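The values are calculated or read from the model by the stated rules, or taken from the named source; none is laboratory data. Keep in mind it's a predicted model, so treat the numbers as computed, not measured. All Cβ positions, even for glycine, are placed from backbone atoms using ideal geometry, and neighbour counts span all protein chains on display.
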Amino acid sequence: MKRRKFIAQTAGASALVGLGGLSLNACSTLNRKHITILHTNDVHSHIDPFPTTHSRYANLGGVARRATLVEQIRYENPNTLLFDAGDIFQGTPYFNFYGGELEFKLMSKLNYDAATIGNHDFDNGVDGLLAQIPHGTFDLLSANYDFSKTVLDGFVKPYKTYQLDGLKIGVYGLGIALDGLVTKRLSKETIYNDPYEIALDMERLLKEEEQCDLIICLSHLGYEYENPQRPSDVLLAQRTYNTNLIIGGHTHTFLDKPEIRTNLNGASVLVNQVGAYGLNLGRIDFYFDEQHSISADGVSISV
């Protein structure tokens with residue numbers, strides 16, 4: 001398992017060496033707080049491992065194996081959060097038969113903390129998604145989908161905060177434009193709002209009002225596109241001020257480790273995506289020192 005150490009610096013931190021932060025070896029272990037973020041994206045109803053005869057992913061993946069990994073990491077560090085970046089549904093007969101019930105129940109067994117909504121999560125319509133919400137113990141987060149005129153009104157939150165080891169972590173969700181991906185018959189009166197504008201609103205709220213120490217975006221925008229007018233995670237990182245980590249989905253991009261981008265404050269933003277189908281589990285460890293500087297270590301774990 002390859003690991004690469006990289007650095008993220010909070011916007012309010014003083015100037016530091018290297019990529020905008022201290023190397024992990026330079027951080028004192030005394031009074032250092034440690035938060036682990038685990039994540040998946042675009043699992044697409046893949047419950048079982050791929051068959052041993054599969055041409056590309058033989059004997060890889062599977063929810064049971066992911067559950068074992070998550071349990072081991074939580075035992076190692078109880079201050080752990082688990083997220084998903086959307087497209088939970090569609091891809092195997094499990095979804096065709098059970099409509100997402102099994103996916104939500106298993107994610108609840110794994111104690112996911114939150115997920116954002118991908119375009120395929122509309123595949124049974126807003127009514128179909130609403131029907132599965134009682135089977136989930138995790139929050140659905142989407143700040144730029146306005147569900148106020150649909151049956152999902154009140155069931156999806158724009159953001160959520162978590163308290164771990166005296167630190168406050170704020171998480172918000174962003175979804176892709178639905179036109180061309182989801183028919184009006186399925187999305188009904190869902191309104192799509194500009195993700196860049198909403199991201200600025202969310203991170204300001206989380207930083208200034210909620211006083212968060214770490215801000216995470218669960219994004220289903222897609223990693224990067226040739227068209228610079230199309231919203232993406234890479235461009236989102238460059239257009240925000242206080243978001244520390246963007247956990248992405250939609251483009252099924254396999255990254256061995258998070259990419260580092262520079263935000264409008266000149267600070268580092270981590271952008272990560274771990275492919276699709278539950279083949280990998282993303283892990284990012286954040287370390288907070290007494291000066292409120294953040295360092296991080298990230299890896300994609302093969303399941």
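Picking from residues in the stretch 88-110 that are surrounded by fewer than 16 Cβ atoms within 10 Å (Cβ to Cβ) and touching a residue at least 24 places away in the same chain (Cβ under 8 Å), the one that is farthest from Gly128 (Cα to Cα) is Lys109. For the stretch 205-220, enumerate the residues that are closer than 24 Å to His39 by Cα and out of contact with any helix residue (DSSP H, G or I) (no Cβ under 6 Å at 6 or more places or on another chain). Once the filter is applied, which keeps residues that are closer than 24 Å to His39 by Cα and out of contact with any helix residue (DSSP H, G or I) (no Cβ under 6 Å at 6 or more places or on another chain), the stretch 205-220 yields Leu205, Leu206, Lys207, Glu210, Gln211, Asp213, Leu214, Ile216, Cys217, Leu218, His220. Taken over the stretch 225-251, the criterion of being more than 24 Å from Leu140 (Cα to Cα) and among the acidic types (Asp, Glu) is satisfied by Glu226 alone. Among residues of the stretch 146-185 being of a type in the set (Phe, Trp, Tyr) and within 15 Å of the chain's Cα centre (by Cα), the one that is surrounded by the most Cβ atoms within 10 Å (Cβ to Cβ) is Tyr172. Looking at the stretch 247-263, is at least one residue part of a loop (DSSP other than H, G, I, E, B) and among the small types (Gly, Ala, Ser)? Yes: one or more hits. Scanning the stretch 249-303 for residues that are small (Gly, Ala, Ser), within 24 Å of Leu235 (Cα to Cα) and surrounded by fewer than 19 Cβ atoms within 10 Å (Cβ to Cβ) returns a single hit, Gly266.
Residues of the stretch 201-236 that are over 29 Å from Leu130 (Cβ atoms) and aliphatic (A, V, I, L, M): Leu214, Val234, Leu235. The requirement of being at pLDDT 95 or above and either at positive phi or more than 17 Å from the chain's Cα centre (by Cα) (or both) is fulfilled nowhere in the stretch 138-145; no residue meets it. For the criterion of being out of contact with any Asp or Glu (no Cβ under 9 Å at 6 or more places or on another chain), modelled with pLDDT of 95 or more and of a type in the set (D, E, K, R), Arg261 fails.
Applying a threshold of 7 Å to beta carbon distances and a minimum spacing of six or more residues, or different chains, the list of pairs starting in the stretch 111-123 at a residue that is under 13 Å from His44 (Cβ atoms) and ending at one that is assigned to a loop (DSSP other than H, G, I, E, B) and polar (S, T, N, Q) reads His120/Gln90; Asp123/Gln90. Val70 meets the conditions (1) out of contact with any Gly (no Cβ under 8 Å at 6 or more places or on another chain); (2) in contact (Cβ under 8 Å) with a residue 24 or more places away in the chain; (3) assigned to a loop (DSSP other than H, G, I, E, B); (4) β-branched (Val, Ile, Thr) in every case but one. The failed one is (3).
For the criterion of being polar (S, T, N, Q) and either modelled with pLDDT under 95 or buried (at least 17 other Cβ atoms within 10 Å of the Cβ) (or both), Gln238 fails.
Scanning the stretch 193-209 for residues that are surrounded by fewer than 17 Cβ atoms within 10 Å (Cβ to Cβ) and touching a strand residue (DSSP E or B) at 6+ places or on another chain (Cβ under 8 Å) yields a single hit, Asn193.
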